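Scroll down for the structure; my scribbles are underneath it.
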Amino acid sequence: MIIVIVLAGIACTRDNHFVVNGVVKETTGDKIYIKQADINTQVLLDSSAIDKRGSFKFRVKTTEPDFYQLGYSDTDFITLLAEPGENIRLEFGGPTLSGNYNVSGSEGSELVKDLDYQLIRTKTRLDSINAVYEKIAGEPGTDAQKTALEQAYLNLIKEQRKFNIAFIINNLSSLAAIKALYQKVDDQMYVLYETRDLQYLKIVTDSLKLLYPGSRHTKALMQDFEKEMNAFQMRQIQELTSSLPETKLDPDLKDINGKRVSLSSLRGKYVLLTFWTSESRECVAENLQLKEYYRTYSRRGFEIYQISLDRDESEWKAAVKFDELPWISTREENPGDPVNARLFNVKTLPANYLFDKEGKIIASNLHGRPLQIKLNQLFNN
């Protein structure tokens, strides 16, 4: 009877914590930290001194699988997916933790490592393509080479997408599938960028709410799925109403260099007409996002015609130059009476309208991921 009680006590103890034992071969600090990865933030749990041999250890209380960040700082860390009872072993072989490490004793953490390493490899190859492209950008007679580089860039993104989809299908019972859903190629572009990728959000949601119904990660996933489905339905409505008669609205304004440019002069391209002001943080943030989309699609027939409502012309010009906005930047001739904004029924900023090659409005007020999805539909399908 005593033996049974003792064994039960040991099992109970093992069920409410996990242990991390690690070795750092090239340490850059004397302490390492572990944080719990909450939905939108990280909560510091503990720190461990790194001894002369490079060893450290953590013992963390937990009752369910969860994500953790282990590292020196917010920029040098790895992600663990740890479960109660696990004895995790880590070995770091380089000056940066995420650059070269091995993990054992935790199936979830091994899956996360595989996922992160694949994305790192893809990003490295994309950066190499970008570097070559920028080097030959202004050289004559390189159109064929640039076209080949653009295609190679797109192929890498598609390969990464296929990898994440396969990962999700093969690991539906793991919270690691959530990480595969939300990985990004860069700050603006998700790996899963297709409209039909919503099906994987649904598949993972349905699986995890059965396996881990109490997990805050599952609950957040369920809420995000509902939000994405609402956005999808709104896009469907916009597509149903996209067969509008050709608009007669045609802004004709001076750009930052004083050259008059009309919207209708851009026929033959997909054009995003945007309204903004440099005084709005939301507008400035969206401009930085639009730069990524412009870099990806401008060479394939995408243009942005931007109208500023700034009252001070010098502030508008300074903002355009400071953020190096590469598209057509214009300004209402009388910002106190913004004729174009009024004709387009602009109520809030930023606002936008997407025109097809014939000059018809096919969507309006698409921001962030919905705009990314729409552009992908236009240029990659």
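The values are calculated or read from the model by the stated rules, or taken from the named source; none is laboratory data. Please read all numbers here as calculations on a predicted model, not as lab measurements. Every residue, glycine among them, receives a Cβ derived from its backbone with ideal geometry; neighbour counts consider all protein chains shown.
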Index of the failed condition, ASP337 passing every other in (1) touching a Lys or Arg at 6+ places or on another chain (Cβ under 6 Å); (2) in a loop (DSSP other than H, G, I, E, B): (1)
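Before we move on, is TYR153 outside the structural domain of LEU45 (by TED's automatic domain parsing), over 25 Å from ASP38 (Cα atoms) and aromatic (Phe, Trp, Tyr)?
Numbers: outside the structural domain of LEU45 (by TED's automatic domain parsing): yes; over 25 Å from ASP38 (Cα atoms): yes; aromatic (Phe, Trp, Tyr): yes.
When the stated conditions are applied, TYR153 passes them.
Okay, residues lined up against (1) in the same structural domain as GLY258 (by TED's automatic domain parsing); (2) farther than 30 Å from ILE129 by Cα; (3) among the hydrophobic types (A, V, I, L, M, F, W, C):
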position	(1), (2), (3)
SER314	yes, yes, no
LYS321	yes, no, no
LEU325	yes, no, yes
THR330	yes, yes, no
ASN352	yes, yes, no
GLU358	yes, yes, no
ILE362	yes, yes, yes
LEU375	yes, no, yes
Residue that is surrounded by the most Cβ atoms within 10 Å (Cβ to Cβ) [pool: residues in region 259-292 that are free of Cβ contacts under 8 Å to residues at least 12 places away in the same chain and not basic (Lys, Arg)]: SER265
Answer residue from region 14-44, given it is at pLDDT below 85 and more than 15 Å from GLU83 (Cβ to Cβ) and is surrounded by the most Cβ atoms within 10 Å (Cβ to Cβ) among those: THR27
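Between LEU325, LEU349, which is aliphatic (A, V, I, L, M), under 30 Å from ASN155 (Cα atoms) and not in a helix (DSSP H, G or I)? Let's see the steps before the verdict.
Details: LEU349 fails: under 30 Å from ASN155 (Cα atoms).
That would be LEU325, the only listed residue that is aliphatic (A, V, I, L, M), under 30 Å from ASN155 (Cα atoms) and not in a helix (DSSP H, G or I).
Across region 101-118, which residue is surrounded by the fewest Cβ atoms within 10 Å (Cβ to Cβ) among those that are over 19 Å from ASP76 (Cβ atoms) and hydroxyl-bearing (Ser, Thr, Tyr)? First the steps, then the outcome.
If we filter region 101-118 for residues that are over 19 Å from ASP76 (Cβ atoms), which is where we start, we get 104-108, 110-111, 114, 118.
Remaining after also requiring hydroxyl-bearing (Ser, Thr, Tyr): 104, 106.
Working: SER104: 12, SER106: 22.
Only one residue tops the list, namely SER104.
Starting from residues that are charged (D, E, K, R) and either without any contact (Cβ under 8 Å) to a residue 40 or more places away in the chain or part of a strand (DSSP E or B) (or both), keep the ones in region 77-103 and report whichever is nearest to VAL24 (Cα to Cα).
Step one: filter region 77-103 for residues charged (D, E, K, R), giving 83, 86, 89, 91.
Pick out the ones that are also either without any contact (Cβ under 8 Å) to a residue 40 or more places away in the chain or part of a strand (DSSP E or B) (or both) and you get 89, 91.
On the way: ARG89: 11, GLU91: 6 Å.
Selected residue: GLU91.
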Criterion (of a type outside the set (Val, Ile, Thr), under 26 Å from VAL185 (Cβ atoms), outside the structural domain of ASN164 (by TED's automatic domain parsing) and in contact with a Leu (Cβ under 9 Å, 6 or more places away or on another chain)) met by exactly one of GLY99, GLY71: GLY71
Hits in region 180-227 (condition: surrounded by fewer than 17 Cβ atoms within 10 Å (Cβ to Cβ) and charged (D, E, K, R)): LYS184, ASP186, ASP187, ARG196, LYS202, ASP206, LYS209, ARG216, LYS219, ASP224, GLU226, LYS227
Subset of region 129-162 that is closer than 25 Å to LEU119 by Cβ and of a type in the set (Gly, Ala, Ser) - its residue that is farthest from the chain's Cα centre (by Cα): ALA148
Yes/no for LEU111 being out of contact with any Lys or Arg (no Cβ under 7 Å at 6 or more places or on another chain) and at pLDDT 95 or above: yes
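Conditions tested, residue by residue: (1) over 25 Å from the mean Cα position of the chain (by Cα); (2) within 21 Å of VAL43 (Cα to Cα).
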position: GLN69; (1), (2): no, yes
position: GLU86; (1), (2): yes, yes
position: PHE92; (1), (2): yes, no
position: PRO95; (1), (2): yes, no
